[in-house]
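Q: Below you'll find the structure I mean.
Read-outs throughout are calculated quantities, based only on the coordinates presented, and are distinct from any laboratory measurement. As the structure is a prediction and not an experimental result, all values here were calculated from the model. FYI the Cβ positions are ideal-geometry reconstructions off the backbone, even for glycines, and counts take in every protein chain you see.
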Amino acid sequence: MVVVSTIMLTLALPGMGSAQQATPSQPADNSTAIARYLMGRIAQNAGAWDVASENLGAVLKLDPGNAGLLRRTFLLSLGEGQDEEALALARRQVSGEAGGGSFVAHALLVADDLRAGRTKEAAARVAALPADGMSPYIGPLLASWIAVAEKDFDGAIMLLNPLSSHEGFKSIQTQQLALIEDLRGNRDGAFQHYAEAAKLGMPLRLTLLIGNFQERSGASDAARKLYRQYLEANPDSMVVEDALNRLEKGGRPAPLVGSAAAGLGQALFELSSALHQEGAAEMALLYGRVSLHLEPDQPLTRMLLGDILVARDRANTALNEFRGITGGPGMLWMARLRQVDVLRQLERDNEAIALLQKMAAERPERTDALLRLGDMHRIAKRTTEALAAYDQALARIKETRPRDWMLHYARAMTLDSKGDWPEAETALKRALELQPDQPSVLNYLGYSWVDRGQRLEEGKALIEKALALRPNDGFITDSLGWALFKLGKTEQAVEMLEKALELEPGDPSINDHLGDAYWAVGRKAEARFQWARAAHQAGKDDSLRRSAEAKLKNGLMATVKADTTP
């Protein structure tokens, strides 16, 4: 489900406009206030909302009547998950101090009232919602679930009607209708809407909701089939394994959405997820926080918030979210894999390795922790440790599956970097047997043959197949250009390598290849320019840098023989 792009025009954070709007007026200590205000704004612009919230909150205490500052501090507090502080600031906004308050402030207060059972207060707040850009989309969701809390199911359904005119909200509306009918006990109506929602896509949360409904309706076989179909398409989804394992033990589960507050939490989770997919990370974070306020123990919401924070370069905060996830063994496994990714981003490799080793020991039938462990060692150029992890993972495989191509591919790259090309070639061929149309494997094997001057036509054919599958991949385009160069088709090589450089302008290997092709067609000044760029951008690749510098000094003939000899 995707929120339509026209909605994106409405997503500027309210209260986060110009600096002038929220500049401190005349607080008691003006110099301190201005300094902290500037620190807060810089931190906010850098995505460090924790620092921004702390500094702007301090300024707000000195300048409590500043409406713009109040709005900004509220949004930052909410984004940081400081619920009590955010609620207090939201109440100050809507009380009149800040001219009615932002829409997000109203939404949080409605959610808080609904969670506490204050339905009349919640309904009054919805009636007073500001008519900002999100009102036509979120207002009906808030009003509908308040009606559900008051047992007005027909009214709740009617209140969702305005969403039908917004194509991007069709999936969210359909799911809400299913949940409302489910809560009402209308199984036929719920089944119809769940079926309609399934036609629009089957993400994890919807799979769990439908499976849960089927189990409670006595359709255990249908639920089992649904879970297994999802696992077939998403083999590593241990969350669905949790549901399947519980199903096999017998008994009927409790509803996943058993209250109006949980229903609104689900609606805002879907909205947050859609906004995140559309790239509206700030709004996704805010509405995700409101959703979590309604359902503090909802693990998928906390997982989503962690993913949003990772995308915003807030690794430490994301790590806390992932560590706070609760649930079954599968959910916790998924959360720990997320922790590993964040620890790697934070360059806390020893902690990541220790966690992966612990996970691999806990689940001796699984290979995913070992694959990630091998990848960590491979990226760090610890080839012996990487191969040990990959080999241990291979030993665990009792029945080879198509998705095991990744393990053979990673092992091949490690063997190649170690200088064992024959074994690497064997591993690549095995990966292709498991996944014949995998572009990365096709490109790696084809380029390796071409670069070694072996099986040039066959290598070129593999690369062409990879490029047909990924026509805008700069690295595969570079491989084809290099194959053309090796085959002596230098003019075609120049054209292809220039295209590769447009797609990946910062890659030194492409610069180096293009320099060789330019030299071969007589464009020697341009060749030297590309080699100079390659040498400058080579970073830790000493071999590439030395090669480019040698060509800058002596021209291509100093290295062409070594490059083209089989």
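Q: Where a Cα-Cα gap under 15 Å defines reach, which aspartates and glutamates qualify for residue 524, not counting those fewer than 8 residues away within the same chain?
A: Qualifying aspartates and glutamates at Cα under 15 Å: 491, 512, 516, 549.
Q: Multiply the residue gap between residue 357 and residue 88 by 0.36 nm, knock off their C-alpha separation, and tell me the result in nm, one decimal place.
A: 92.4 nm
Q: Now for a different question. The chain: longest stretch without exposed GluC sites (Glu not before Pro) (DSSP loop, at most 13 other Cβ within 10 Å), sites themselves excluded?
A: 1-346
Q: Please give the helix 349-362 orientation as an angle from the longest Cα principal axis of the chain, in degrees from 0 to 90, rounded to the nearest 10.
A: Taking Cα atoms only, the helix is inclined about 80 degrees.
Q: Moving on to the next point. Okay, helix-only estimate at 222 nm for the chain: each DSSP H run of n ≥ 4 adds -39500 (n - 2.57), divide by all residues, round to 500 deg cm²/dmol; what do you get?
A: Theoretical 222 nm ellipticity from helices: -22500 deg cm²/dmol.
Q: Quick check: the angle from helix 421-434's long axis to the longest principal axis of the chain, C-alpha only, nearest 10 degrees?
A: Roughly 50 degrees between the two axes.
Q: Of 418/460; 151/199; 460/486; 381/418; 429/460, which sit over 18 Å apart, Cα to Cα?
A: Pairs exceeding the cut-off: 418/460; 151/199.
Q: Can you tell me the 0 to 90 degree angle between the C-alpha axis of helix 103-115 and the longest principal axis of the chain, rounded to 10?
A: The angle comes out at about 60 degrees.
Q: Moving on. How far apart, in nanometres, would the label points at residue 320 and residue 42 be if each is projected 7 angstrom from Cα along the Cα-to-Cβ direction?
A: 2.3
Q: Between residue 350 and residue 58, what is the label-point separation in nm under the 7 Å Cα-to-beta-carbon projection?
A: About 3.3 nm, to one decimal.
Q: Could you work out how much longer the chain between residue 433 and residue 502 gets when fully extended? Use 0.36 nm per residue separation minus the Cα distance between them, nm to one decimal.
A: In short, 21.6 nm is gained.
Q: Report the label-to-label distance for residue 550 and residue 124 in nanometres (one decimal), using points 7 Å from each Cα along the Cα→Cβ vector.
A: So the two model labels end up 8.2 nm from each other.
Q: Turning to a different aspect of this structure: Using Rg/Rh (Cα atoms, Kirkwood Rh) as the read-out, say which of (i) 1.02; (ii) 1.04; (iii) 0.98 was calculated from these coordinates.
A: Recomputing Rg/Rh (Cα atoms, Kirkwood Rh) here gives the entry labelled (ii).
Q: Kindly state, to the nearest 0.05, the FRET efficiency for residue 395 paired with residue 311, given R0 = 45 Å and r defined as their beta-carbon distance.
A: It comes out at approximately 0.80.
Q: Find, among the trypsin sites (Lys or Arg not before Pro) in the stretch 492-561, those assigned to loop by DSSP (not H, G, I, E, B) with at most 16 other beta-carbon atoms within 10 angstrom.
A: In loop regions of the stretch 492-561 (DSSP not H, G, I, E or B), the sparsely surrounded trypsin sites (Lys or Arg not before Pro) are 523, 540.
Q: If the chain between residue 95 and residue 384 were fully stretched, how many nm would it gain, using 0.36 nm times the residue separation less the Cα-Cα distance?
A: Answer, rounded to one decimal: 97.6 nm.
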